Structure formats: structure tokens, C-alpha cells
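Trainee: Handing you a structure now.
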Amino acid sequence: MAAPALAPVTRQVSSRTAAAPDPSGQERRQPLAAAVAELPVLDASGRRVPFGELFRERRAVVVFVRHFLCYTCKEYVDDLAKIPKNFLQEANVALIVIGQSSYHHIEPFCKLTGYCHEIYVDPEREIYKRLGMKRGEEITSSGQSPHVKSNILSGSIWSLWRAVTGPLFDFQGDPVQQGGTLILGPGHYIHFIHRDRNRLDHKPINSVLQLVGVQHVDFTNRPPVIHV
């Protein structure tokens with residue numbers, strides 16, 4: 001028996017995490033509202049692209065980050081940068097990061113993190129708002145993100161240093177905006193959504209890659225063990 005259709009995602013969404021493909025093989029998905037798909041994101045040159053075009057004809061993992069000066073986001077994207085392109089190509093999956101700064105900050109952020117996959121910005125945060133991304137820090141017992149290496153003191157000092165030594169003294173986005181992770185497409189469908197409750201509430205990368213059939217990535221930087 002087919003699962004009932006889910007309502008389109010609008011500005012107010014009650015659940016924080018929605019289910020990905022059903023283990024039975026029956027995929028449960030919810031449509032992305034057309035008004036959200038039509039909203040623009042900007043690439044590194046300032047070119048406007050409708051959000052829905054990013055995944056209209058392909059499956060995509062889309063990661064919304066807090067802001068480009070956030071040390072936890074920087075370290076999370078450090079690990080996203082370690083995902084080999086051929087892993088994504090073999091699974092026919094795109095990896096996309098979306099920030100909320102000016103597009104001028106994209107290129108320096110990519111140089112800092114080594115990130116070479118797709119990246120855009122939503123400077124007005126309209127897509128963040130429509131997808132129900134949280135603003136403010138929610139205190140939870142979710143624990144430390146496996147992708148964050150710095151403690152709050154050293155990380156905050158590093159973020160402030162980057163702000164004052166950058167060409168523009170700004171936070172490269174709203175500092176209280178939280179991000180999240182989605183699996184979208186092909187077409188305007190959401191298969192999975194996780195909304196971060198605070199700066200450490202990242203969805204572990206390998207758990208998301210597993211949902212889209214991308215092979216496990218070793219983020220420890222340890223040399224591989226060869227069994228003979």
C-alpha cells in the first residue's frame with residue numbers, strides 16, 4: 001500500500017529530521033514547494049541560479065552552513081572537501097554547499113577549506129527561512145560533531161581573527177543562523193532533511209553518504225591498512 005503524500009515544505013515545518021528512502025525499497029518523499037525551488041542562489045561570479053535547477057535532473061546532497069567565518073562550519077566543510085569526486089560520480093550524486101554570505105566570500109572560503117565541489121550562497125537567507133532552518137542556539141545533549149576538531153575557545157578566537165584580518169570586517173552571514181543537510185532530487189523532491197539545532201549538531205557525513213549510495217570516506221587522515 002502506497003504511503004500517503006506529504007504536504008509541500010513551507011516556512012513553518014514541525015519536524016527537524018525527515019526520513020530518507022524506506023528500507024523496504026518504497027521511497028518516501030515530499031515535494032519541495034515551487035516557490036522555494038524558484039528562489040535564486042548565487043555562484044562565485046554572482047550569477048543567479050534557481051535553487052531547484054541544482055537538483056532538477058540529479059540526486060544531490062545539499063549542506064546549508066551557518067556562515068563562512070564559523071569555525072565549526074569551516075571544519076565540517078574541511079571534511080566535505082575530502083570526499084573524492086569519483087565516489088560521487090560513481091553514485092551519480094552531486095554535493096552542494098550553500099552559505100548565506102555575499103558571493104565574494106565563496107572563493108576565499110574554498111581556498112581555505114580545499115573544497116572543490118559545488119558551492120552557492122543565499123545572501124537574503126530566504127531558502128533557509130522557507131526550509132525552516134533554525135535561528136539561535138538550542139542547548140541539546142547531541143554531543144560533539146565528529147567533524148569539529150577545535151574547542152569553542154580556540155575556534156572562536158580563530159573565527160574572530162579571520163574576521164578582523166579579512167578585506168571586509170563582517171561575519172560573512174548572520175551569526176545566529178543555523179544550517180542543515182538535505183537530500184534532494186531528481187526533480188523537486190525532498191528525500192531527507194536534517195535541521196541543525198546548534199553549531200555542533202551536524203549530521204555525520206558518512207551517514208548521509210550511505211543514504212545516497214556513496215561509499216564510506218575515511219576522515220581520520222590515517223594511511224590505509226593493507227591486508228595481506
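Trainee: Can you pull out the residues in the range 39-55 that are assigned to a loop (DSSP other than H, G, I, E, B) and touching a helix residue (DSSP H, G or I) at 6+ places or on another chain (Cβ under 8 Å)?
Mentor: L39, D43, A44, S45, G46 - these are the residues of the range 39-55 that are assigned to a loop (DSSP other than H, G, I, E, B) and touching a helix residue (DSSP H, G or I) at 6+ places or on another chain (Cβ under 8 Å).
Trainee: Consider the range 92-109. How many of its residues are open to solvent by 30 Å² or more (accessible area, probe 1.4 Å) and assigned to a helix (DSSP H, G or I)?
Mentor: Number of matching residues: 4.
Trainee: Here is a further query. Go through the range 193-213 and count every residue that is modelled with pLDDT of 95 or more, open to solvent by 10 Å² or more (accessible area, probe 1.4 Å) and of a type in the set (A, V, I, L, M, F, W, C).
Mentor: Within the range 193-213, residues that are modelled with pLDDT of 95 or more, open to solvent by 10 Å² or more (accessible area, probe 1.4 Å) and of a type in the set (A, V, I, L, M, F, W, C) number 2.
Trainee: Considering only the range 31-74, how many residues are under 22 Å from P175 (Cβ atoms) and open to solvent by less than 20 Å² (accessible area, probe 1.4 Å)?
Mentor: Within the range 31-74, residues that are under 22 Å from P175 (Cβ atoms) and open to solvent by less than 20 Å² (accessible area, probe 1.4 Å) number 13.
Trainee: Go through (1) in contact with a Phe, Trp or Tyr (Cβ under 9 Å, 6 or more places away or on another chain); (2) at pLDDT 95 or above and name the single condition F171 misses.
Mentor: (2)
The values are calculated or read from the model by the stated rules, or taken from the named source; none is laboratory data. These numbers come from a predicted model, not from an experiment. Virtual Cβ from ideal backbone geometry, glycine too; neighbours counted across all protein chains shown. Remember, those area values only see protein heavy atoms, side chains included, never the ligands or the DNA or RNA. Shrake-Rupley method; radii C 1.70, N 1.55, O 1.52, S 1.80 Å.
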